[in-house]
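Everything on this sheet refers to the single structure shown next.
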Amino acid sequence: MPDLDAFIAGLPKAELHIHIEGSLEPELMLALAQRNKMAVRYATVDALRAAYRFGNLQDFLDLYYQGMAVLQTEQDFHDLAMAYFSRAAGQNVRHAEVFFDPQGHTERGVAFKTVIDGLWRASRDAEQKFGITSALILCFLRHLDEASAERTLDEALPWRERFIGVGLDSSEKGHPPSKFQRVFERARGLGLLAVAHAGEEGPPDYVRQALDLLQVRRIDHGIRALEDPDLTARLVRERVPLTVCPLSNLRLRVVPDMASHPLKRMLEAGVIATVNSDDPAYFGGYMNENFQAVQQALALSREEIVTLAGNSFRSAFCDDATKQRHLAALDSYSRQ
Ligand code: ADE
Ligand code: ZN
């Protein structure tokens with residue numbers, strides 16, 4: 001078995017499932033707490049990292065919402081996103097579609113404008129500085145009610161041109177996609193592209209609901225869809241991409257160990273799977289570490305790695321000419 005780590009590191013790729021608030025590294029969290037004169041529960045980087053042991057998704061979310069409270073100013077959101085773009089570009093991520101959770105900020109008194117101005121400026125700056133392109137996807141928190149999601153969409157409308165789509169995240173169990181059918185319909189009517197987390201901890205039926213009721217273009221995670229052969233066949237037939245996050249699945253105990261991860265089975269079944277980092281500051285790795293972990297545990301071949309990177313460009317929300325340019329670069333890299 002050749003060592004594919006170096007091949008993975010140089011591989012051109014797109015990231016389609018990254019929560020910008022989940023890229024908040026402990027060092028930056030503590031620096032922002034100091035800058036904003038805020039008290040923190042965990043005072044050192046070591047204490048923070050030691051706290052990152054999760055029994056399930058909710059354990060993680062509790063810390064994730066606490067952690068993001070240090071984000072107060074436009075500059076904070078800019079610095080957060082620039083740190084992510086710098087690391088991603090350093091890993092040969094050429095394009096990133098970035099989730100953000102406005103309700104995680106507006107609920108604690110930070111204006112939507114502060115959030116979007118900082119993220120947007122970072123997106124522009126990162127393209128200039130690192131050559132990475134990006135787009136923003138506004139996520140609704142599913143543990144809150146649909147009225148709150150509707151208000152968030154209203155608040156976002158003055159900046160409609162700064163985000164390309166809407167997503168659905170946070171606590172999955174007990175919060176089915178059906179709860180957000182109307183707000184997604186309105187968002188799609190505004191020309192926004194829909195995605196949703198489904199089948200991470202929730203049952204295959206939530207994946208079906210996301211497709212039928214929310215009319216999503218991609219499913220985020222979706223790994224529990226593999227429990228249902230009919231649904232798996234539908235994902236293949238309808239060419240619905242899954243944005244899979246292997247280290248996240250391991251750290252949130254969605255899979256017992258990496259060797260049990262269904263990613264290879266997805267590829268064998270013909271599902272359009274992609275590899276992504278989800279919340280890299282919390283789960284122990286960015287894109288390359290996710291690719292490397294899953295390559296080793298599942299003995300993925302060089303061809304499978306290239307398929308995964310190709311899927312990331314084919315599943316991205318960019319125009320066909322841009323996709324073809326990225327795919328040509330991937331092709332020439334993989335032939336070297
Ligand atoms: N928000 C941030 N990361 C998430 C995940 N993995 N699942 C659901 N909501 C999230
Ligand atoms: Zn996610």
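When we screen Gly191, Gly202 for residues that are on the phi > 0 side of the Ramachandran plot, out of contact with any strand residue (DSSP E or B) (no Cβ under 8 Å at 6 or more places or on another chain), modelled with pLDDT of 95 or more and assigned to a loop (DSSP other than H, G, I, E, B), the only hit is Gly191. Taking the conditions exactly as written (part of a helix (DSSP H, G or I) and in contact with a His (Cβ under 9 Å, 6 or more places away or on another chain)), does Ala210 satisfy them or not? Here the answer is yes, as Ala210 does meet what is asked. Within the range 100-128, the set of residues being within 15 Å of ligand 1 (Cβ to nearest atom) and more than 14 Å from His78 (Cα to Cα) comprises Asp101, Pro102, Gln103, Gly104, His105, Glu107. Working only within the range 133-188, note down all residues that are hydroxyl-bearing (Ser, Thr, Tyr), on the phi < 0 side of the Ramachandran plot and under 20 Å from the mean Cα position of the chain (by Cα). Answer for the range 133-188, where residues must be hydroxyl-bearing (Ser, Thr, Tyr), on the phi < 0 side of the Ramachandran plot and under 20 Å from the mean Cα position of the chain (by Cα): Thr133, Ser134, Thr152, Ser171. Looking across the range 1-18 at every residue that is in contact with a helix residue (DSSP H, G or I) (Cβ under 8 Å, 6 or more places away or on another chain) and within 16 Å of ligand 2 (Cβ to nearest atom), the one that is farthest from Asp76 (Cα to Cα) is identified as Ala14.
The values are calculated or read from the model by the stated rules, or taken from the named source; none is laboratory data. Here the structure is a predicted model, which is why all the values come from computation and not from measurement. A quick note on method: Cβ atoms are made from the backbone with ideal geometry, for glycine too, and the neighbour counts reach across all protein chains shown.
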